[in-house]
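J.: Dumping the structure here so I can ask a few things about it.
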Amino acid sequence: MRMSTCMTWVAVAAAAVGCATTPSDSEVNAKAAQMLKASFKEAGQAKLDRLDQDDTQRTCSLYAGKALPKDVAARIEAANLATIQYPADGKLVGDWKNGEKIAQEGRGKQFSDDPQGAVGANCYACHQLAPQELSFGTIGPSLYRFGRTRGFTDETRKYAYGKVYNADAFAACSNMPRFGHSGILTDAQIRDVVALLVDPDSPVNK
Amino acid sequence: MNQIRWRLAAGVAGVALAAFAAHAPGQGSTVDEIAKYRAALQDGNPAELWEARGEELWKRPRGPKNVSLERCDLGLGPGVVKGAYAQLPRFFADANRVMDLETRLLYCMTTEQGMADADARKQLFGNGNDRKSDMEAIVAYVTSESKGVKMNVALDDPHVREMYALGERMFYFRGGPHDFACATCHGEDGKRIRLQDLPNLTTKEGAQKAYTTWPAYRVSQGEVRTFQWRLYDCFRQQRFPELVYGSDASIALTTFLARNANGAAFDAPAIKR
């Protein structure tokens with residue numbers, strides 16, 4: 001029986017984690033799921049359903065930071081690509097000045113945040129953007145000169161919108177939140193962040 | 001007390017001036033200045049005040065049974081505090097549970113001292129102002145008694161082994177609207193969030209450096225924060241629901257990180273920004 005559950009689990013996780021060396025993986029996973037629900041309580045806007053993983057979260061968790069097999073990565077990227085909804089009016093670029101504010105704003109979705117208050121993208125936590133801002137993180141790549149480097153083209157604008165909307169469509173198990181897909185940012189906010197990246201007048205491209 | 005505050009303020013002001021004078025663009029210099037700021041903070045650590053208050057609380061008879069926590073067994077025998085933190089979490093047969101220090105203290109407050117669980121949990125975190133936490137003080141005291149002791153969390157017991165494995169799962173568990181896991185910020189070397197350096201907790205060096213410097217006096221909060229608080233606040237920022245103090249997930253993660261820190265000399269209560 002342990003063998004069969006193990007095989008099922010391996011079918012999900014492919015060869016990422018060896019079954020032979022850790023025969024109780026499936027048991028640990030079952031216990032982990034139980035433990036999780038008993039270890040958190042809802043607070044403010046953060047309800048317990050935030051612990052319910054979708055397929056992308058579940059699969060990325062199982063690989064535990066290891067490289068994904070190509071077919072698994074392709075599956076995740078395809079599933080996430082299918083979620084991207086480009087604005088019906090075709091307008092992908094908003095106001096870079098507002099985009100800069102959204103990039104600076106770290107609040108939003110924490111149980112300590114006012115549910116009616118500001119929700120930002122906190123881009124600077126992980127990325128360099130406008131060169132004037134020295135307090136930037138390095139979890140993600142520098143985005144300084146994003147538009148200038150890639151060209152001020154329709155293709156660049158579409159990529160930027162899609163990447164902010166759902167980063168996993170372009171890099172499976174990205175560290176970057178899926179801002180549109182997960183309902184963190186509104187369409188208008190995504191447009192403004194895109195403007196910060198691709199508008200030739202944005203400080204990012206100076 | 002005033003002297004510590006003054007030295008702290010003078011040190012911070014001095015470094016701030018130095019940072020201003022040497023202000024030059026480029027992240028290298030900024031990071032250097034922050035390192036100097038942190039070094040200046042080491043000069044006087046207000047955590048000593050928490051340690052002193054915690055020692056008094058540890059030894060004073062309290063609760064409905066009017067006994068002191070010196071009856072509490074932290075794993076090395078009743079009342080033994082020296083080196084106790086460096087071997088936690090561990091399995092406690094009397095509670096039939098793997099426990100970290102803070103869960104064990106709650107257990108002792110309720111079983112030995114006879115407090116109601118709700119009373120023991122009344123002020124787990126100080127509010128940065130007039131409402132100080134007895135728990136934070138007691139933890140400051142107990143952990144200070146492990147200063148210089150090498151971390152030594154044993155995995156011989158199957159319960160602890162299981163908790164370690166569960167902690168590793170927790171570390172990589174992605175959830176919430178932002179898809180964040182512990183590993184999102186703490187899975188690679190040399191990363192920063194804004195200007196804050198992030199330890200890579202998947203490496204021995206990273207886990208050792210991080211785990212041995214908690215609890216810490218947080219200058220920005222004016223309180224000594226414990227490891228339970230550290231996890232609670234990480235999950236808040238991960239956009240998860242609220243981590244229950246002393247929950248199995250918190251103990252599992254603590255077991256994972258404490259064990260990975262084995263071999264390093266414990267060096268807390270520390271002081272952080």
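The values are calculated or read from the model by the stated rules, or taken from the named source; none is laboratory data. Everything quoted here is computed from the prediction, not taken from an experiment. Here Cβ is always computed from backbone atoms with ideal geometry, including for glycine, and neighbour counts include all displayed protein chains.
J.: Find the residue count for the range B:204-238, including only residues that are crowded, with 23+ Cβ neighbours inside 10 Å, closer than 24 Å to B:GLY83 by Cα, within 14 Å of chain A (Cβ to nearest Cβ) and touching an Asp or Glu at 6+ places or on another chain (Cβ under 9 Å).
T.: 2
J.: How many residues are at the interface with another protein chain (Cβ under 7 Å from one of its Cβ atoms), touching a residue at least 40 places away in the same chain (Cβ under 8 Å) and surrounded by fewer than 21 Cβ atoms within 10 Å (Cβ to Cβ) when one looks only at the range A:43-73?
T.: Looking only at the range A:43-73, we keep the residues that are at the interface with another protein chain (Cβ under 7 Å from one of its Cβ atoms), and these are A:43, A:46-48, A:50-51, A:53, A:57, A:60-61, A:64-65.
Checking which are touching a residue at least 40 places away in the same chain (Cβ under 8 Å) leaves us with A:43, A:46, A:60, A:64.
From the residues that got through so far, the ones that are surrounded by fewer than 21 Cβ atoms within 10 Å (Cβ to Cβ) too are A:43, A:64.
So the answer is 2.
J.: Residue check, A:CYS173 against (1) out of contact with any helix residue (DSSP H, G or I) (no Cβ under 8 Å at 6 or more places or on another chain); (2) on the phi > 0 side of the Ramachandran plot, all met but one. Which one?
T.: (1)
J.: Next up: Does the range B:140-159 contain at least one residue that is within 11 Å of chain A (Cβ to nearest Cβ) and part of a helix (DSSP H, G or I)? Break it down into steps so the answer makes sense when it comes.
T.: We begin by selecting, within the range B:140-159, every residue within 11 Å of chain A (Cβ to nearest Cβ); these are B:158.
Pick out the ones that are also part of a helix (DSSP H, G or I) and you get B:158.
There is at least one residue in the range B:140-159 that is within 11 Å of chain A (Cβ to nearest Cβ) and part of a helix (DSSP H, G or I).
J.: Out of the helices (runs of 4 or more DSSP H) lying entirely within the range A:83-195, which hold 1 or more residues that are in contact with a Cys (Cβ under 7 Å, 6 or more places away or on another chain) and not assigned by TED's automatic domain parsing to the domain that holds A:PRO69? Explain how you work it out, then say what you get.
T.: Working: elements: A:96-104, A:146-150, A:154-165.
The helices (runs of 4 or more DSSP H) meeting that bar are A:96-104.
J.: Among the residues of the range B:124-139, count how many are within 14 Å of chain A (Cβ to nearest Cβ) and over 14 Å from the mean Cα position of the chain (by Cα). Show your work before the answer.
T.: Filtering the range B:124-139 down to residues within 14 Å of chain A (Cβ to nearest Cβ) leaves B:124-125, B:127-128.
Narrowing the set further to residues that are over 14 Å from the mean Cα position of the chain (by Cα) leaves B:127-128.
Of the residues in the range B:124-139, 2 are within 14 Å of chain A (Cβ to nearest Cβ) and over 14 Å from the mean Cα position of the chain (by Cα).
J.: Right, something else. If you check B:LEU201, B:LEU253, which single one turns out to be part of a loop (DSSP other than H, G, I, E, B) and crowded, with 20+ Cβ neighbours inside 10 Å? I'd like the intermediate steps shown before the answer.
T.: Working: B:LEU253 fails: part of a loop (DSSP other than H, G, I, E, B).
Just a single option satisfies the conditions, and that option is B:LEU201.
J.: With the checklist (1) free of Cβ contacts under 8 Å to residues at least 40 places away in the same chain; (2) in contact with a Lys or Arg (Cβ under 6 Å, 6 or more places away or on another chain); (3) closer than 19 Å to B:ASP100 by Cβ in hand, flag the one item B:TYR164 doesn't pass.
T.: (1)
J.: Within the range A:109-147, which residues are of a type in the set (Lys, Arg), away from chain B (no Cβ under 13 Å) and closer than 24 Å to A:PRO87 by Cβ?
T.: Taking the range A:109-147 first, the residues of a type in the set (Lys, Arg) are A:109, A:145.
This time we only want the ones that are away from chain B (no Cβ under 13 Å), so: A:145.
Within the range A:109-147, no residue meets the criteria.
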